[in-house]
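The values are calculated or read from the model by the stated rules, or taken from the named source; none is laboratory data. Since the model is a prediction, treat every value here as computed from it, not as a measurement. Here Cβ is always computed from backbone atoms with ideal geometry, including for glycine, and neighbour counts include all displayed protein chains. These accessible areas exclude ligands, DNA and RNA; they are computed on the full protein's heavy atoms, side chains included. Shrake-Rupley method; radii C 1.70, N 1.55, O 1.52, S 1.80 Å.
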Amino acid sequence: MNSIDHSGLDVLISEVGPRDGLQSIQAIMPTEAKKAWIKAEADAGVPEIEVGSFVPPKLMPQLADTAEIVAYARTIPGLQVAALVPNFRGAENAIKAGAHKISLPLSVSETHSQRNLNRTHEQVFGEIAKVVALIGSLPEDQRPGFEGSLSTAFGCSIEGVVKQDKVVDIAARLMALGCDEVGLSDTTGSANPAQLRNMIRAVKAVVGDGNLAAVHLHNTRGLGLANALVALEENIFTFDASLGGLGGCPAAPGASGNIVTEDLVFMFDAMGIKTGIELDKLMQVREIVRKALPNEELYGFTPDAGYPKGYAAGKGWGL
Ligand SMILES: [Zn+2]
């Protein structure tokens, strides 16, 4: 597969700010600033970055330069370059641009699916089958990893509570269609730790332990890190997060930003869990984003409070 070896890490933090963050704000970040942001995070050791989404520029002008950004990010050694694709056409473009990994979101809430992707579940399954066939037609070393991502998996701002059975059924269907893995997204920041734990166990029981590798958490109600800790305990490897907590979802009213990358790295770093990320360097990346988006608020408890007295990043704390 066309991907990077991350076997030395305990967890893989995937920065999604350039996609999830930028898609939810009005301001358009200049292409050069995006490149500087991505480069600086990669230099800080961030192993994977979701650099954009292959949506029509008319719908999301903030991400119109995604192909150029993917091509640029591919020149950074050791960085796994991920992209979101809403459909087959987006997948074709992502593969052409050279993405290592592509994710296609399917909203467990069908109302959200129709509003966000303009498609019913059956239509999304059809797109996924076409993407699987396209990837299968490529030479083996050029095949991107393909994640079926279940969004609104814990609650939908339109439909309300989302049933676990529905999530499990869709996850099984995505694997049967040929996705390499599935991920669970708390698009609306509705999940709580007990619900997340049950959901991870139920999905893993059906798709297999290694095939549910990723969670995408939002911090809407302040439970982001509590949820991340539970996911860690349930053997989840990949954690999406956004620098400064930028993010949201234009089609899910009330959704707020992703969990903050700096806070997530601080938690793992203090716990002695290897992320490969240098926290000191990561903190400095905020300046690049702040300068490029002067009117956006950047969140983060650790950036606001600073380290505990005597804390040295990378060494654990009080263990
Ligand atoms: Zn999100």
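Worth pointing out:
- Residue match in region 140-159 (condition: within 16 Å of the ligand (Cβ to nearest atom) and of a type in the set (D, E)): yes
- Restricting M175, M199 to residues that are at pLDDT 95 or above and open to solvent by less than 10 Å² (accessible area, probe 1.4 Å) narrows the list to M199.
- Test for A270: is it more than 16 Å from the ligand (Cβ to nearest atom), surrounded by fewer than 24 Cβ atoms within 10 Å (Cβ to Cβ) and in a strand (DSSP E or B): no
- Hits in region 202-223 - residues which are within 16 Å of the ligand (Cβ to nearest atom) and either of a type in the set (K, R) or open to solvent by 60 Å² or more (accessible area, probe 1.4 Å) (or both): R221, L223
- Candidates K163, K204, filtered to the one that is more than 18 Å from the chain's Cα centre (by Cα) and closer than 19 Å to T238 by Cβ: K204
- Residues satisfying the stated conditions in region 96-119, i.e. more than 24 Å from D169 (Cα to Cα) and surrounded by 23 or more Cβ atoms within 10 Å (Cβ to Cβ): A99
- Qualifying residue in region 131-148 (condition: touching a Ser or Thr at 6+ places or on another chain (Cβ under 6 Å) and either modelled with pLDDT of 95 or more or open to solvent by 10 Å² or more (accessible area, probe 1.4 Å) (or both)): yes
- Residue match in region 65-79 (condition: outside any helix (DSSP H, G or I), touching a residue at least 12 places away in the same chain (Cβ under 8 Å) and within 17 Å of the chain's Cα centre (by Cα)): yes
- For the condition at pLDDT below 95, open to solvent by less than 10 Å² (accessible area, probe 1.4 Å) and in contact with a strand residue (DSSP E or B) (Cβ under 9 Å, 6 or more places away or on another chain), A241 does not qualify.
- When the criteria are applied in full, A226 fails the requirement of being at pLDDT below 95, open to solvent by 10 Å² or more (accessible area, probe 1.4 Å) and under 19 Å from the mean Cα position of the chain (by Cα).
- Cross-chain or 6+ apart pairs with Cβ under 7 Å, region 7-35 first and assigned to a helix (DSSP H, G or I), then open to solvent by 40 Å² or more (accessible area, probe 1.4 Å): Q23/P250; T31/E68; A33/I288; K35/Y72
- Just one of (1) touching a residue at least 12 places away in the same chain (Cβ under 8 Å); (2) part of a loop (DSSP other than H, G, I, E, B); (3) more than 16 Å from the ligand (Cβ to nearest atom) fails for V55. It is (3).
- Of the residues making up region 21-46, those that are open to solvent by 10 Å² or more (accessible area, probe 1.4 Å) and either out of contact with any Gly (no Cβ under 6 Å at 6 or more places or on another chain) or over 27 Å from F88 (Cβ atoms) (or both) number 16.
- Search result, residues across region 1-28 that are more than 17 Å from the chain's Cα centre (by Cα) and among the small types (G, A, S): S7, G8, A27
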